[in-house]
1. Apply 1/(1 + (r/R0)^6) to the Cβ-Cβ distance of Asp114 and Asp3, taking R0 = 35 Å, and write down the FRET efficiency to the nearest 0.05.
2. First check a/c for region 5-86, with a ≥ b ≥ c the square roots of the eigenvalues of its C-alpha gyration tensor; if it is under 1.5, answer rounded, and if not, answer prolate when a/b is larger than b/c or oblate otherwise.
3. Using the alpha-carbon centroid of each, what span in Å lies between region 4-41 and region 53-75?
4. What angle do you read, to the nearest 10 degrees and between 0 and 90, between the alpha-carbon axis of helix 113-129 and the longest principal axis of the chain?
5. Could you check the simple spin-label distance between Thr77 and Ile130, using points 7 Å along Cα→Cβ, in nm with one decimal?
6. Treating only the Cβ of Lys, Arg, Asp and Glu as charged (+1, +1, -1, -1), what charge dipole size does region 28-115 show about its Cα centre? Round to the nearest 20 debye.
7. If each residue of separation counts as 0.36 nm, what is the full-extension length gain between Ile43 and Gln91 once their alpha-carbon separation is subtracted?
8. In bins 5 Å wide, starting from 0, what share of all Cα pairs of the chain does each bin hold, as a percent?
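A short reminder: the numbers here are calculations on the coordinates, not readings from a lab. Only a predicted model underlies this, so the values are computations on that prediction, with no experimental measurement involved. Heads up, the Cβs are rebuilt from the backbone with ideal geometry, glycines too, and the neighbour counts pull from every protein chain shown.
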Amino acid sequence: MADMMQFDLVTPERRLASLQVREARIPGSEGELTAMPGHAPLITSLRPGVLAVLTAEGETDYVVTGGFAEVNASGVTVLAEIAHPTSEVTQEMIDGMVAEAQRLHRDAHPGVVDATAKLLADMVALGSRIGLDPKLS
């Protein structure tokens, strides 16, 4: 179908999704982007956020914490460091992700402290976006 494209979401542990979608909303490191059939080719790194895909049946959301997305005219392939359907993400998981981001920020070399601050802010925003309360200590 001309109004659909292939979408694949893969982590080091498993293939999370392989389906036909109308669009994919990607949390790119330079900002949110929406890929649709016929999109110009690009590769972007991911920041922590919600990756949303729209299929003929409706929307499915995934939590991703990093990785890369490759977009071309026929589809999107996402290679995520960590990814879960939002319905499977628990408060404990979000707390763990935020705690790890806090540790990285606390232990960061001065040259990357801004990047770790952004990572921490993205993790907190991610938890809030899916209706969980990220705990900052």
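1. Details: r = 41 Å, r/R0 = 1.17.
Working from the Cβ atoms, E equals 0.30.
2. The shape class here is rounded.
3. First find each Cα centre; the distance between them is then 3 Å.
4. That works out to roughly 60 degrees.
5. Going from the Thr77 label point to the Ile130 one covers 2.5 nm.
6. Values: 3 positive and 13 negative charges, 47 e Å.
Roughly 220 debye for region 28-115.
7. Numbers: separation 48, 0.36 × 48 = 17.28 nm, distance 3.12 nm.
Roughly 14.2 nm would be gained on extension.
8. With a bin width of 5 Å, the distribution comes to 2, 11, 20, 22, 19, 13, 8, 4, 2, 0, 0.
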